[in-house]
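The values are calculated or read from the model by the stated rules, or taken from the named source; none is laboratory data. Bear in mind the structure is a predicted one, so any value in this text is a computation, not a measurement. Cβ sites come from the backbone with ideal geometry, for glycine too, and all protein chains shown count toward neighbours. Side chains included, ligands, DNA and RNA excluded: accessible areas come from the protein's heavy atoms. Shrake-Rupley method; radii C 1.70, N 1.55, O 1.52, S 1.80 Å.
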Amino acid sequence: MSVLQVENVRKEYDDVLAVEDASFTVEDGEFVSILGPSGSGKSTMLRMVAGFESPTSGDIRINGENVVGVPSFERDTNMVFQNLALFPHLTVAENIAFGLKRRGVGREEREKRIEDILEVVELSGYGDRDIDQMSGGEQQRIALARAIVNEPSIILLDEPLASLDRKLRQHMKFELQRIQEETGITFLYVTHDQEVAMSISDRMVILNEGQIEQKGSVQDIYDRP
Ligand code: ADP
Ligand code: ADP
């Protein structure tokens with residue numbers, strides 16, 4: 001069964017048709033990118049999967065269950081926002097623990113999971129630091145750790161590398177790839193950066209003016225004669 005099934009999804013805002021009849025799937029352990037120019041409907045699509053917006057029509061299934069109408073916090077998804085949305089007055093570990101506490105994970109288990117995830121993002125020993133002591137790239141990894149630690153079925157990434165300079169972006173791209181290989185987590189990644197999308201994705205969904213122009217593996221899309 002697919003982790004995510006988007007079926008004939010349409011989204012209208014007043015007089016704007018943001019997404020038109022879009023269908024695609026994401027399988028367990030895949031890294032899928034939604035690529036397209038600004039205004040093509042990428043964020044709208046991601047926000048509908050996350051539950052911050054409702055489609056005008058169509059279905060969104062997570063592990064087979066239709067989640068249209070299910071609030072964001074009850075969905076088995078975690079979003080990494082472009083601005084990261086870390087809590088500046090909490091430590092690194094407190095930031096990562098936030099969702100776990102809300103889900104009622106006990107203290108001992110939280111500590112273990114936080115230690116494990118800090119290792120995955122190569123920030124072991126930084127749990128007690130304040131967020132504002134951490135660099136941009138480190139904060140990026142903390143936001144990622146906060147999403148991964150909840151073990152959602154799918155992690156939604158909204159242009160998470162857009163604000164980084166080229167060198168850091170390249171580094172984070174490798175980090176993401178390594179983390180995905182290590183954890184087998186499923187990622188849906190929104191970007192307008194074709195180079196990053198091509199190098200990191202198992203499959204891609206290319207949006208243009210709200211419509212899916214192409215979808216398939218990177219090879220299918222770019223190497224076909
Ligand atoms: P992208 O993420 O690819 O830049 P968006 O999903 O943000 O595209 O936007 C797709 C279209 O929907 C654009 O025309 C945008 O102006 C419009 N749109 C997005 N959000 C809203 C909103 N809340 N209200 C009205 N129009 C919106
Ligand atoms: P509480 O509010 O429950 O007393 P704290 O505010 O001390 O917890 O910490 C928040 C969460 O971060 C807790 O789950 C705690 O176990 C964890 N934590 C705090 N410091 C570290 C650290 N250095 N390494 C790993 N986990 C930590």
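List the lysines whose Cα lies under 23 Å from the Cα of residue 42, skipping any in the same chain that are fewer than 8 positions away.
11, 173, 215
Ranked highest first by the average count of other Cβ atoms within 10 Å around their residues, in what order do 202-214, 97-109 fall?
Values: 202-214: 19.0, 97-109: 12.9.
Output ranking for 202-214, 97-109: 202-214, 97-109.
How far is helix 92-102 tilted off the main Cα axis of the chain, in degrees rounded to 10, range 0 to 90?
On a 0 to 90 degree scale, this one is about 70.
Quick one: length gained pulling residue 219 to residue 122 fully straight, 0.36 nm per residue minus the C-alpha distance?
31.8 nm
Considering amide H positions built from the backbone, and no H for Pro or chain starts, which residues 5 or more places from residue 213, or on another chain, come under 5 Å of its amide H?
206, 207, 208
Determine the order of 171, 89 by accessible area, beginning with the largest, at a probe radius of 1.4 Å.
Greatest to least solvent exposure: 89, 171.
Return one whole number: the accessible area per residue of the chain in Å², for a 1.4 Å probe.
49
Treating only the Cβ of Lys, Arg, Asp and Glu as charged (+1, +1, -1, -1), what charge dipole size does the chain show about its Cα centre? Round to the nearest 20 debye.
So the magnitude is around 300 debye.
Can you tell which of 190, 88, 118 lies farthest toward the positive end of the dipole of segment 37-191, using +1 and -1 charges on the Cβ of basic and acidic side chains (Lys, Arg; Asp, Glu)?
It is 190, whose Cα lies furthest towards the positive end.
Express the carbon and sulfur contribution to the solvent-accessible surface of the chain as a percent, rounded to the nearest whole number, probe 1.4 angstrom. Walk me through the intermediate numbers first.
Working: 4840 of 11090 Å².
Its accessible area is 44 percent carbon and sulfur atoms.
Measure out, as a whole number of angstrom, how far apart the alpha-carbon centroids of segment 110-140 and segment 159-204 sit.
Taking the Cα centre of each part, segment 110-140 and segment 159-204 sit 19 Å apart.
For the chain, how big is Rg over Rh, using alpha carbon atoms and the Kirkwood form of Rh?
That ratio is 0.97, to two decimals.
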